[in-house]
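What follows is a single structure, written as structure tokens, with notes after it.
Every number in this text was worked out from the coordinates using simple rules, so none of it is lab data. Computed from a prediction, not measured in an experiment: that's the story for all the values here. All Cβ positions, even for glycine, are placed from backbone atoms using ideal geometry, and neighbour counts span all protein chains on display.
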Amino acid sequence: MSGTADFLLELLSEEIPARMQAKARNDLARLFAEELDKVGLAAEAIETFATPRRLALIARGLPLATAAQSEEIKGPRASAPPQALEGFLRKTGLSREQLVERDGVLFAVVDKPGQATAAVLGPAIERIVRGFPWPKSMRWGAASASTASLRWVRPLHGIVALLGEEIVPVEVDGIGSGATTVGHRFHHPGPITLGGASDYAEKLKACRVIVDQDERAAIIRDGARAAAEAEGLALVEDEGLVAENAGLTEWPVPLLGRFDPDYLDVPREVIVLTMRTNQKYFACTDASGALAPAFVCTANIEASDGGAAIVEGNRRVLAARLSDARFFWEQDLKVPLESQAKKLGQIVFHEKLGTVADKVERVAKLARWLVEQRIITVTPAKAGVHLATVVQADSSEMDPRLRGNDEEVAHVASQAERAARFAKADLVTGMVGEFPELQGIIGGYLAEAQGEPKAVADAIRDHYKPVGQGDEVPTAPVTAAVALADKLDTLFGFFREGLLPTGSKDPFALRRAGLAYLRLVEAANVRALVSEIARAWHTDGTVGPGLKVEDFLHDRLGVQMRDEGIRYDVVQASTNLDSRLDGDLWRVRRRAEALQIFLNTGDGANLLAGYKRAANILKKENWSLPRVMSDPGEQAMPQTGEEDPLVLVDEAPELAQAIAQMAQGSAAPADAPEEERALVAALDQAEPHAQAAIEQEDFRSAMAALASLRQPIDAFFDKVTVNADNKEDRARRLNLLARFRDAVHRVADFSRIEG
């Protein structure tokens, strides 16, 4: 049997939860492909569909028969006892003459003829249905008394299995396959006879069922937007809600309704969340961007009255929901935040870190301290957050612009402390109890309604930010102080107790807190060491968990850069030179960005090759530049993994001077090869330029200085013999290579770069 045909499978059931449909489609495609692979079949393409009532699959271009296969079974050795041979012959059903002998071992070659695809699809479908990995499933009917009965997400009512136009026999728990399904529950509840995969979507659409979930989503997205615009409104876009409504309807019809404007005195986020979470409605805004007293719901029927009755029913349900929300809001308004905050002592933050009230106390003190120490302050040039080096307020090292007005600093510090003391107070409100997603937001609204300054209310509202990658990063000084203090307290506290993330486990979301901290300080170019903050914050002068947190943030920064497209080896080459954050988190970032750009140029790639060659020679020779030491007690610092040769100035001043000159490259004699002298000259010029650029943190200019070494190092390797017979020439040239290697290494650790 030759040729191909399309295969249609539809599993009809009661309503499948919308949240399970996407995974179910992926699982069906995967399981079906695995079953085909077991019998040596493959489809040209596999498409899957899901509606609330059906899970379907179409396999395009499926062969009508499996290919004949030859299976080889290894048997005993030819010299084995007769009993072993007889057992093998019984197992294979062959005679001794039919066995094949190779290298003294007997093999049975069994030819398996091809099978009709329809014959193998039936058992495969039964296995798929019985083993389908629903997150939750159920048994039903009389058979459910047995744990061996069929489980499905909701009661299964029918199976359509058609290969071409022929029914593939399948039976699962008394449910037999056929060519009949049903249309829309209300528009066309009767049976529909299908001709195969070719007319599946068209016949169902004629019966008011759109099987393609993407098509339903487009109808909802475009229809909801059009319904809002027809009333002079704008839709609040929400792709998650589009997908959810597509999973709730087979024939979606977006309809606009309105609710009582009196409910708009409830916070906007509460109204939007009520509509979205409880009712699956889209919110609308007016021309000014304010929330409008309107919603868009998605009906699953094309009503004869244009949807008026549906809209009215939804309006009444929404009114009840909003009435409940307003009750919680009005009750919360009656209780001052100060009173709510007193209840936080009843909530355990963590058994080793005390209550939420304990955390609030720590955060409040730290937020105030961050402002008082001018780590966060308002600059005359820009109203916002500025994170400066941790120094005393009266230090001569501090930029005069950052000293700020003492009265202003005291005012901001006081507001930061007050905001921190109220930041968690909304956790005990009725509104947050109903909508936990709104913690912080509700506190901000309550603070504003109860007369708190705007800076305090904003800080309460936004102190959890940034939560995710796309979230806004707060920069107002009061908000930044509270947000930073909150993140630092969390990191310090859990690290102090040894409760660190391990592998994929991060129960206290410390990685997210670390990334949030990085984003907060990145916007302001932080130059304060976490360990210095920890040391200054602890009255006993100890660092506490500061260094561990600092290392953790260092790693998080590397992860963040890799997520942004910076190569892993480039990140390693940049971070290896800053084993601590060295006062500036973003020095590593600027170095990595410049290095990646440089390596993508011809100069960068060739310089890397020259560096690798020089480093390999030096490693093979176990060679490092000698280092002159004036203090006999000085300890050697490792360089490239080996101890540096040391020479004491007092013991051998002439030798020390000669070595120092040699290390600087000025010892190349006049009769040295031109290429050697050219490399010395290039290093003499490039090293100071690169060093000056590094000190200015201008890493692009440092890379440009290194680029000037590309041609001299290439010429040196082409024309100069490093391991010369003359010991002085050999030592001089090895020192020159070590000088080249170290000059490159000061800009970035090229040993970490692949290639």
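Packing-wise, with mean Cβ within 10 Å as the measure, how do 458-470, 65-77 rank, highest first? Walk me through the numbers before you get to the answer.
Working: 458-470: 19.8, 65-77: 13.5.
Result, highest mean Cβ count within 10 Å first: 458-470, 65-77.
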Return the whole-Å distance between the Cα centroid of region 21-57 and the Cα centroid of region 437-492.
46
What distance in nm separates the simple spin-label points at Ala230 and Glu302, each placed 7 Å from Cα in the Cβ direction?
1.4
Sort 229-239, 601-611, 486-496, 44-54 by packing, meaning the average of other beta carbons within 10 Å per residue, with the highest value first.
486-496, 44-54, 601-611, 229-239
If the label point sits 7 Å along Cα→Cβ of Leu94, residues of region 59-86 with amide N under 11 Å come out as 71-76
For Gly3, what is the net charge nearby, where nearby means another residue's Cβ is under 14 Å from its Cβ and Lys, Arg count +1, Asp, Glu -1?
-3
To the nearest 20 debye, what is the magnitude of the charge dipole of region 253-334 about its Cα centre, counting +1 on the Cβ of each Lys and Arg and -1 on the Cβ of each Asp and Glu?
160
First obtain the Kirkwood hydrodynamic radius of region 2-60 from its Cα pairs, then insert it into the Stokes-Einstein equation at 37 °C and 0.692 mPa s, and state the resulting D in µm² per second as a whole number.
271
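Among the listed pairs Lys424/Lys487; Lys342/Lys454; Lys343/Lys465; Lys203/Lys280; Lys620/Lys727, which have their C-alpha atoms separated by more than 19 angstrom in this model?
Check vs 19 Å cut-off fails for Lys342/Lys454; Lys343/Lys465; Lys203/Lys280.
Rank the residues Ser177, Ser751 as a footprinting-exposure proxy: fewest other Cβ atoms within 10 Å of their Cβ go first. Write out the running numbers ahead of the final one.
Numbers: Ser177 22, Ser751 17.
Ordered by Cβ neighbours within 10 Å, fewest first: Ser751, Ser177.
Compute the FRET efficiency between Ser144 and Gln691 as 1/(1 + (r/R0)^6), taking r as their Cβ-Cβ distance and R0 = 56 Å, and round to the nearest 0.05. Write down the numbers at each step before the final one.
On the way: r = 78 Å, r/R0 = 1.40.
Computed FRET efficiency for Ser144 and Gln691 comes out at 0.10.
Hey, what's the Cα Rg ratio for region 76-125 versus the globular rule of thumb, 2.2 N^0.38 Å?
Details: Rg = 15.8 Å, N = 50, 2.2 N^0.38 = 9.7 Å.
Taking the Cα Rg and dividing by 2.2 N^0.38 Å, one obtains 1.62.
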First check a/c for region 402-511, with a ≥ b ≥ c the square roots of the eigenvalues of its C-alpha gyration tensor; if it is under 1.5, answer rounded, and if not, answer prolate when a/b is larger than b/c or oblate otherwise.
oblate
Ranked by Cβ crowding within 10 angstrom, fewest neighbours first, how are Leu736, Leu273 ordered?
Leu273, Leu736
Once you have the Kirkwood Rh of region 147-300 from its Cα pairs, apply Stokes-Einstein at 25 °C and 0.890 mPa s and quote D in µm²/s.
136
Would you list the P(r) distribution for region 224-297, with all Cα-Cα distances sorted into 10 Å bins from 0 and each bin expressed as a whole %?
20, 57, 22, 2
May I ask you to work out the translational diffusion coefficient for region 235-367 at 4 °C, viscosity 1.567 mPa s, via Stokes-Einstein with Rh from the Kirkwood sum over Cα pairs, reported in whole µm²/s?
74
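Given a Förster radius of 45 Å and the C-beta distance between Lys205 and Phe327 as r, what FRET efficiency does 1/(1 + (r/R0)^6) yield to the nearest 0.05?
Details: r = 45 Å, r/R0 = 1.00.
Efficiency computed from Cβ-Cβ geometry: 0.50.
Report the extension gain between Glu86 and Asp471 in nm, rounded to one decimal, defined as 0.36 nm multiplied by the number of residues separating them, less their alpha carbon distance. Walk me through the numbers on the way to the answer.
Working: separation 385, 0.36 × 385 = 138.60 nm, distance 7.38 nm.
Going from the current span to full extension adds 131.2 nm.
So what's the back-of-envelope 222 nm ellipticity for the chain, counting only DSSP H runs of four-plus at -39500 (n - 2.57) apiece and dividing by all residues, rounded to 500?
Per the formula, -15000 deg cm²/dmol.
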Region 228-254 and region 271-326: distance between their alpha carbon centers, rounded to Å
11
Given a Förster distance of 45 angstrom, what is the FRET efficiency for Gln279 paired with Ala410, based on the Cβ-Cβ distance and rounded to 0.05?
0.40
Aspartates and glutamates near Lys612 by alpha-carbon distance under 13 Å, same-chain residues fewer than 8 away left out - which ones?
Asp714, Asp742, Asp749, Glu754
Work out the charge dipole of region 14-127 with +1 on the Cβ of Lys and Arg and -1 on the Cβ of Asp and Glu about the Cα centre, then indicate which of Ala80, Leu64, Ala22 is farthest towards its positive end.
Ala22
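Could you give the semi-axes, largest first, of the ellipsoid that matches region 23-141, computed as the square roots of 5 times the alpha carbon gyration tensor eigenvalues and rounded to whole Å? Mind showing how you got there, number by number?
Values: eigenvalues 361, 59, 26 Å².
Working from the Cα gyration tensor, I get semi-axes of 42, 17, 11 Å.
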Take every DSSP beta bridge with both residues inside the chain and express the antiparallel ones as a percent of the total, to the nearest 5.
90
Output the Cα-based Rg and Dmax of the chain in Å, rounding Rg to one decimal and Dmax to a whole number.
36.8, 106
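Which order do the peptides 99-107, 147-155 come out in when sorted by mean C-beta neighbours inside 10 angstrom, highest first? Before the final figure, lay out the partial values.
Values: 99-107: 13.0, 147-155: 16.2.
Sorting 99-107, 147-155 by mean packing, highest first, produces 147-155, 99-107.
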Going by Cα centres, region 135-159 and region 672-745 are how many Å apart?
76
